[in-house]
C-alpha cells in the first residue's frame, strides 16, 4: 500500500488505468502524502522556510487591508447608505467564521495549497479542483481588480498638479480607454519582486503594510475633524436588503485574509504560526475597516460617494485643502494597492504550485528555482496573465466575480473542518474552531447567503468560469493527476505481493 492511498484486495487494472470519473472525483489525498510531497516538492525544487509569525500576519493584512476601502467604497455606499459600516461588520463576521476554520485547517495541513489542499484531503479530487479553480478566481482576479483601482489614485495624484493620463492610457476598453497603464505597471513590479524571493517580498510587504495602516489612521483622524452625526440619518435608506447587498459587495475587501495559509511551506513554525497569523490579521483588518467606514460617512453624506472612485483621497483633499497632504495620501494609497497585488499574487503562485505538483495543471507551475527558492516560471506566467486582465478589464466585473468564487471556497473549508473532526477526531490540532459545530455551520450558511445576494449576471459569469474549469480538468487534469499515477503504482505493487 502506498502511503496515503488505499488499495483493496479486489483491485483491477481497469480501476487504475481507466478509473471511472465518479470514483476519480472522490479520490482523496491523505495529509501524510501532502506532507511528504511538500518536503521534496516532487523533485521540482524546494521552498525555503523563512517566514515568522509577524511576516505571516503582514502577508494576510497586506492581501486584505485597503482593497475594499480604497477601491470599492464608492460603489458600495450608494447600495447600503450610511449603514455601510454595518455591511462591513456583516462581511467581517462572515469572514471571521471562515477564518477560524482556516486557522484549524492551516495548523493540520501546513502546505502551500490552502483550501485547495484541505478539500483534496477531505472531499476528494473533484471538489479540490473546483476549489482550486475558485482560488484562481479569488487571487489572480482580485489582484487584477485591485490593480485596476490603482489607476484612479494615480490620476487623482496627477490632478493635484493639473495633469492627467490620456484616457487611452487611463482605462481599459470597457471603460472608454485602450489600456490601463497604471494597473499594468503595478502588476509587473509586484511580479518582479516576487521572483526575487519570499523573504525579500515579505520584507517589502511589511514596509508597505505599515504605510497603509498609517494612511488609514491618518484618514480617520482627518475625517473626524469634519464629523457630522446627521450624515447617519436615515441609517437604512435602502432598507435591510441594501445592507446585505452591500455586504456581499464589500466581502471582496476581506478576500486575502487566508493568504497566510498559502505560506504553509515557507513558514518557520506553520502549525502554530499560521493559525495565529490568520486570526490576528482578521481582527486588525475588521477594526480598521469599520473605523474608516464610520469616519467616511461622518465626513460626507452617503449620496456623495456615488460619483467618487477614489473617495478617501477626495475627502482628504476637500477637508484639508493642502496639496502636499493629498499628494502624500494618494501616493501612499498606490503603495497600499501594490501591497495587495503583491500578496495576492504570492498566494496565487503557491496554490498553483500545489496544483501543478499534483499534476492537475502543467508541472512547470511547481518548478522552484534553486537560487531564489521561488516558482519563477509560474510567477511569470501568473503575473503576465494578471497584468493583461488588469490592463483590459473593468473593476466592477472583476470584483463581483471574485467574491462568488471566494465565498464558495470558504464554505468548503468549513466542510473540511467538519469532515476531519468526524474522521480524525484524535489528530492533534494547534487551533480548534470554537463552539464547534455551530461555528463552521454558521460560516457555511453565511457564505451561501452572501453568494445568493450577488447579482444574476455574477452567477452567469461564475457558471461560465466553472464550465471552463471543468473542461480543463477533463481535458488535462484527469489524465495527468499524480494521485492517479500513484494509484497505478500501488496496484502494480499489490500484484507483486
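The residue of the range 376-389 that is surrounded by the most Cβ atoms within 10 Å (Cβ to Cβ), among those that are within 12 Å of residue 345 (Cα to Cα) and in contact (Cβ under 8 Å) with a residue 60 or more places away in the chain, is 386. Within the group 221, 209, which residue is without any contact (Cβ under 8 Å) to a residue 40 or more places away in the chain and closer than 24 Å to residue 330 by Cβ? Of 221, 209, the one residue that is without any contact (Cβ under 8 Å) to a residue 40 or more places away in the chain and closer than 24 Å to residue 330 by Cβ is 221. Picking from residues in the range 235-249 that are at pLDDT 85 or above and not in a helix (DSSP H, G or I), the one that is surrounded by the most Cβ atoms within 10 Å (Cβ to Cβ) is 238.
Among the residues examined, residue 144 qualifies as closer than 24 Å to residue 245 by Cα and buried (at least 24 other Cβ atoms within 10 Å of the Cβ).
Scanning the range 15-65 for residues that are modelled with pLDDT of 80 or more, more than 25 Å from residue 424 (Cα to Cα) and outside any helix (DSSP H, G or I) returns 48, 49, 50, 51, 52, 65. Checking 189, 165 one by one, the residue that is touching a helix residue (DSSP H, G or I) at 6+ places or on another chain (Cβ under 9 Å) and part of a helix (DSSP H, G or I) is 189 and no other.
Rundown of residues vs (1) more than 22 Å from residue 247 (Cβ to Cβ); (2) crowded, with 22+ Cβ neighbours inside 10 Å; (3) more than 19 Å from the chain's Cα centre (by Cα); (4) free of Cβ contacts under 8 Å to residues at least 24 places away in the same chain, yes/no style:
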| site | (1), (2), (3), (4) |
| --- | --- |
| 403 | no, yes, no, no |
| 420 | yes, no, yes, no |
| 426 | yes, no, yes, yes |
| 436 | yes, no, yes, yes |
| 442 | no, no, yes, no |
| 445 | no, no, yes, yes |
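If you check 158, 165, 137 for being under 30 Å from residue 468 (Cα atoms) and modelled with pLDDT under 90, only one passes: 137.
Of the set (1) closer than 30 Å to residue 361 by Cα; (2) surrounded by 24 or more Cβ atoms within 10 Å (Cβ to Cβ), all apply to residue 336 but (1). Inclusion of residue 319 among residues that are at pLDDT 85 or above and either under 30 Å from residue 116 (Cα atoms) or buried (at least 24 other Cβ atoms within 10 Å of the Cβ) (or both) is not warranted.
When every residue of the range 69-85 is checked against the conditions, none turns out to be in contact (Cβ under 8 Å) with a residue 12 or more places away in the chain, farther than 24 Å from residue 244 by Cα and buried (at least 24 other Cβ atoms within 10 Å of the Cβ).
Inspect all residues belonging to the range 193-205 and state whether any of them is part of a helix (DSSP H, G or I), modelled with pLDDT of 90 or more and surrounded by fewer than 17 Cβ atoms within 10 Å (Cβ to Cβ). No - not one qualifying residue is present in the range 193-205. Among residues of the range 459-482 that are part of a helix (DSSP H, G or I), those with a Cβ under 9 angstrom from a residue that is surrounded by fewer than 15 Cβ atoms within 10 Å (Cβ to Cβ), sequence gap 6+ or separate chain, pair up as 459/452; 474/21; 478/21.
Inside the range 250-296, residues that are surrounded by fewer than 20 Cβ atoms within 10 Å (Cβ to Cβ) and touching a strand residue (DSSP E or B) at 6+ places or on another chain (Cβ under 9 Å) make up a count of 1. Every test in (1) surrounded by 14 or more Cβ atoms within 10 Å (Cβ to Cβ); (2) within 25 Å of residue 393 (Cβ to Cβ) is passed by residue 168 save one, and that test is (1). Restricting to the range 98-136, count the residues that are part of a helix (DSSP H, G or I) and surrounded by fewer than 24 Cβ atoms within 10 Å (Cβ to Cβ). Number satisfying all stated conditions: 6.
Within the range 407-440, the set of residues being modelled with pLDDT under 90, closer than 22 Å to residue 91 by Cα and outside any helix (DSSP H, G or I) is empty. Look at the range 360-373: where a residue is in contact (Cβ under 8 Å) with a residue 60 or more places away in the chain and at positive phi and a partner is surrounded by 19 or more Cβ atoms within 10 Å (Cβ to Cβ) and part of a loop (DSSP other than H, G, I, E, B), sitting 6+ places away or on another chain with Cβ atoms under 7 Å, you get 373/47.
For first residues located in the range 182-195 and at positive phi and in contact (Cβ under 8 Å) with a residue 24 or more places away in the chain, partners that are surrounded by fewer than 24 Cβ atoms within 10 Å (Cβ to Cβ) and part of a helix (DSSP H, G or I) and lie 6+ apart or on another chain with Cβ distances below 6 Å do not occur.
The values are calculated or read from the model by the stated rules, or taken from the named source; none is laboratory data. None of these values were measured; they are calculated from a predicted model. Note that we place each Cβ from the backbone using ideal geometry, even for glycine, and neighbour counts take in every protein chain shown.
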